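Down below is the structure, laid out as structure tokens.
Every read-out reported here was derived from the displayed coordinates using simple, explicitly stated rules and does not represent laboratory data. All values reported here derive from a predicted model rather than from experimental measurement. Heads up, the Cβs are rebuilt from the backbone with ideal geometry, glycines too, and the neighbour counts pull from every protein chain shown.
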Amino acid sequence: MQIEQKYSHLNGEEYLIVHHSAIYEEIRSVIESVEADQFKTKVSKERGTLGRNLYSPTELNAEFKRLFADRGWSERRYSYFVTTDRTQMEETMNLPLDQQREHLIACGQESPIRSYKQTDFVNETVAVEVQFGKYAFVAYDLFVKHMLFYSGGVINVGVEILPVKAMQSEMSSGIAYYEGEVYNVLRQGRSNPPVPLLILGITA
């Protein structure tokens, strides 16, 4: 596969070039190592593409997972305690997990709720999400997961890998695509989401 388009949000690509050039090269290497035609194995049952072989999101995701794991990338979980009080949230979000709980109990919460977010691949302070899923999953990545890991001090930049429209048209309906998701980010304004991102549009 290859990178056909890219969008750097809040200097995400520039940060990678300056501070993590080897990791950026590794991300490009993983993408180029995926032989997408091997994963055109899903026989369509949809009316418009009935009987055609489409790209399998499940198999593509598994191949990306294998290639990133071979290079030492791993899943990362960020755990935290939930509060709907903004002041308490700001006071606790950079505390160790056990101290977050103690602080919220001291503020009057009887049973603080523990939660977590998980991201696919993390190396040093760079997180990568490979997304061949529905539209809602990409919005969640860009506006929730990457931002939470960034504000929690786990990462300094997030990378989102998406198929471009031409490739997405060879997949099941409802799959998110690069052009549409970059448009959604642009519509939010120049500083939202408030986390450096690099969105990569890939094709076979």
_Using square roots of five times the C-alpha gyration tensor eigenvalues, list the equivalent-ellipsoid semi-axes of the chain in whole Å, biggest first._
33, 19, 16
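Quick one: what do you get for the range 113-152 if you divide its Cα Rg by 2.2 N^0.38 Å? Numbers along the way, then the final one.
Values: Rg = 10.6 Å, N = 40, 2.2 N^0.38 = 8.9 Å.
Output field value: 1.19.
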*Comparing Gly48, Gly12, Gly72, which has the greatest mean-square fluctuation in the GNM of the chain with Cα pairs linked when under 10 Å apart?*
Gly48
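I'd like the antiparallel share, as a percent to the nearest 5, of DSSP beta bridges with both residues in the range 89-199. Spell out each step's value before the answer.
Working: 4 of 12 bridges.
In the range 89-199, DSSP labels about 35 percent of beta bridges as antiparallel.
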*What list of ³J(HN,Hα) values in whole Hz, one per residue of the range 192-204 in order, does the Karplus curve 6.51 cos²θ - 1.76 cosθ + 1.60 (θ = phi - 60°) give from phi, with Gly and Pro shown as x?*
10, x, x, 8, x, 9, 10, 9, 10, x, 10, 9, 6
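Which of the peptides 127-135, 146-154 is most tightly packed, and how do the rest follow, judged by the mean count of other Cβ atoms within 10 Å per residue? Show your work: numbers first, answer last.
Details: 127-135: 21.2, 146-154: 18.0.
Ranked from most to least packed, the peptides come out as 127-135, 146-154.
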*Considering the range 117-204, what Rg and Dmax in Å follow from its alpha-carbon atoms?*
12.6, 38
*Among Leu162, Tyr116, Ile105 - extreme Cα towards positive end, dipole of the chain, charges at beta-carbon*: Leu162
*Under 20 Å from the Cα of Lys42, which aspartates and glutamates turn up, not counting those fewer than eight places away in the same chain?*
Glu59, Glu63, Glu170
*Given the pairs Lys6/Lys117; Lys45/Lys134; Lys40/Lys145; Lys40/Lys165; Lys6/Lys45; Lys6/Lys165, which are separated by over 21 angstrom at their Cα positions?*
Lys6/Lys117; Lys40/Lys145; Lys6/Lys45
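Suppose every K and R has +1 on its Cβ and every D and E has -1 on its Cβ; what is the size of the dipole of the chain about the Cα centre, in Debye to the nearest 20? If you can, show how the numbers build up before the last one.
Details: 21 positive and 27 negative charges, 129 e Å.
Once rounded to the nearest 20, the dipole reads 620 debye.
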*Choose one answer from Gln100, Gln168, Gln88: the residue with the largest mean-square fluctuation in a GNM of the chain with alpha-carbon springs under 10 Å.*
Gln88
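If you take every residue apart from Val195 with its C-beta less than 12 Å away from the C-beta of Val195, what net charge results, scoring Lys and Arg +1 and Asp and Glu -1? Could you put the intermediate results ahead of the total?
Values: positive: Lys145; negative: Asp141, Glu160.
That works out to -1.
With +1 assigned to the C-beta of every Lys and Arg and -1 to the C-beta of every Asp and Glu, and no other charges, what is the dipole magnitude of the range 106-204 about the Cα centre in debye, to the nearest 20?
Values: 7 positive and 9 negative charges, 46 e Å.
So the magnitude is around 220 debye.
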*Straight-distance crosslink candidates among aspartates and glutamates, where the alpha carbon sits under 13 Å from Lys65 and sequence neighbours closer than 8 are dropped*: Glu75, Asp120, Glu129
*Check each of the GluC sites (Glu not before Pro) in the range 29-127 and keep only those in coil by DSSP with at most 15 other C-beta atoms within 10 angstrom; list them in order.*
Glu35, Glu46, Glu110, Glu124
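Mind jotting down a quarter of the surface of the convex hull over the alpha carbons of the range 1-106, in square nanometres, one decimal?
Reported value for the Cα convex hull: 11.5 nm².
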*Could you run the Karplus curve 6.51 cos²θ - 1.76 cosθ + 1.60 with θ = phi - 60° over the range 95-105 and give me ³J(HN,Hα) per residue in whole Hz, x for Gly and Pro?*
8, x, 4, 5, 6, 4, 4, 4, 5, 5, 5
*FRET efficiency estimate (nearest 0.05) - Cβ-Cβ, Leu186 to Arg86, R0 30 angstrom*: 0.60
*Which FRET efficiency value, to the nearest 0.05, is calculated for Leu50 and Ala139 with the Förster distance at 30 angstrom and r the Cβ-Cβ distance?*
0.50
*Hey, what number do you get for the chain at 222 nm if only DSSP H runs of n ≥ 4 count, each worth -39500 (n - 2.57), divided across all residues, to the nearest 500?*
-10500 deg cm²/dmol
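Among the DSSP beta bridges whose two residues both lie in the chain, what percent are antiparallel, rounded to the nearest 5? Show your work: numbers first, answer last.
On the way: 21 of 32 bridges.
In the chain, DSSP labels about 65 percent of beta bridges as antiparallel.
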*Among Lys45, Lys165, Lys145: highest mean-square fluctuation, GNM of the chain, C-alpha pairs under 10 Å*: Lys45
